[in-house]
1. Between region 251-327 and region 48-65, how far is it from one alpha carbon centroid to the other, in angstrom?
2. Over region 262-314, give the accessible area per residue in Å² for a 1.4 Å probe, as an integer.
3. Return, ordered by residue number, the residues of region 113-141 whose backbone nitrogen is under 20 Å from a label point located 7 Å along Cα→Cβ of Leu238.
4. What is the magnitude of the charge dipole of the chain about its Cα centre, with +1 placed on the Cβ of each Lys and Arg, -1 on the Cβ of each Asp and Glu, and no other charges, expressed in debye to the nearest 20?
5. Can you pull the Rg over Rh of region 184-318, Cα-only, Kirkwood?
6. Which label marks the calculated value of mean projected area of the Cα convex hull in nm², given the options (i) 29.4; (ii) 21.6; (iii) 18.2?
7. Enumerate the helices in the chain for which the Kyte-Doolittle hydropathy averages 0.0 or more and the C-alpha atoms extend at least 15 Å along the helix's axis, using complete DSSP H runs.
8. Per residue and in Å³, how big is the convex hull formed by the alpha-carbon atoms of region 154-230?
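The values are calculated or read from the model by the stated rules, or taken from the named source; none is laboratory data. Computed from a predicted model, the values in this text were never measured in an experiment. Methodologically, a virtual Cβ is constructed for each residue, glycine included, from the backbone with ideal geometry; neighbour enumeration extends over all protein chains shown. Side chains are part of the model used for accessible areas, which takes the heavy atoms of the whole protein and leaves out ligands, DNA and RNA. Shrake-Rupley method; radii C 1.70, N 1.55, O 1.52, S 1.80 Å.
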Amino acid sequence: MGAGVEGSYRRVVRAVLTRRDGAFAALLLAFIIVACLCAPLYATLNGVDPFSSDIAGTTIRNGQRVDLMQPNDNPLHLGLSPIGPNWRPGPYVLGADSQGRDVAARVLYGGRNSLLIASSSALLCLCLAACLGICAGYFGGWIDLILSRILDMLWAIPVYLFAISLSVVTVGHGIRFGFITIGADNLLIPIGIIALVYVPYAARPFRARALSLSQAGFVMAARGMGASDFRILWREILPGLMPTMAVLAPLVMALCMLAESALSFLSLGVQAPAASWGTIIQDGEGLLYTRPVVAIAPGVAIVLTVLALNVLGNALRDQIDPKGAAR
């Protein structure tokens, strides 16, 4: 069974990559991931620190040393604005923010946290949803009734309201489990919150798939041969859920990225001095009329990443037929 499943997934991957939209989405996502992983290299080569304020700093532009904070363009030249984009390879290619920090370096470092939180939240969400969906769909009866009603209640709560409520409770004091304390600035908190709020949405497809597999002929045959429930779940039901998980993974990751950006923009997600695309957009909110690239750059990164994930998820959905997996 393992070789057959592995072969089928290879065929699916090849089919997705031969499609123009699937190949484009995969390449775009790979480029974004590699670029974010190279953030330390960019900072080292250009001698910038994206996490420390440098209001009095200077940089080289067109062979001349200029201040990072320039007088405003208003008639009285009152106040200071950070230096704008250079659009050339080198330091401050996207300009500086209100603290004199390199915007390009912060976008790359922020992307590392955004991608980490989104992928970890999606993985945790799918694991929890698969467990609940298997229990509800396979065992049925009162277990299905209780779990379904709990998921319905969570489903009725708006996603962002639920996430904001949990973040407000944890962002000030962190989380304590006996002797274990998770600080408010720990990335585990937004990962857990974002994963939890999307569990009701991902658990329904897993429940429906587990319910369908529990009535399949090969599962009935395994029961007739005296196989235990654990063996049936591990050897028959769980492999049958892998196509559903593969389709949901990029779509749930896109939703988690949007949720993380929203929470960080509201100062309820990633906490300073760490950065994410949401926190960088918040930093650029006050510079929209003078240096809009500070907020636009991470916004474009979010749009491209979510677009790539959705296109990749749609391509996978077109290639994987959940209803035919049991055959």
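1. Result: 29 Å between the Cα centres.
2. 40 Å²
3. Residues 122-140 qualify, since their backbone N sits under 20 Å from the label point.
4. 1100 debye
5. Numbers: Rg = 20.6 Å, Rh = 17.6 Å.
Result for region 184-318 is an Rg/Rh of 1.17.
6. So the structure-derived entry is (ii).
7. Details: long enough: 2-18 (24 Å, 0.19); 20-37 (25 Å, 2.06); 103-134 (45 Å, 1.50); 141-156 (23 Å, 1.12); 159-171 (17 Å, 2.30); 199-214 (22 Å, 0.14); 238-265 (39 Å, 1.64); 293-319 (39 Å, 1.50).
Once both thresholds are applied, what remains is 2-18, 20-37, 103-134, 141-156, 159-171, 199-214, 238-265, 293-319.
8. Value for region 154-230: 132 Å³ per residue.
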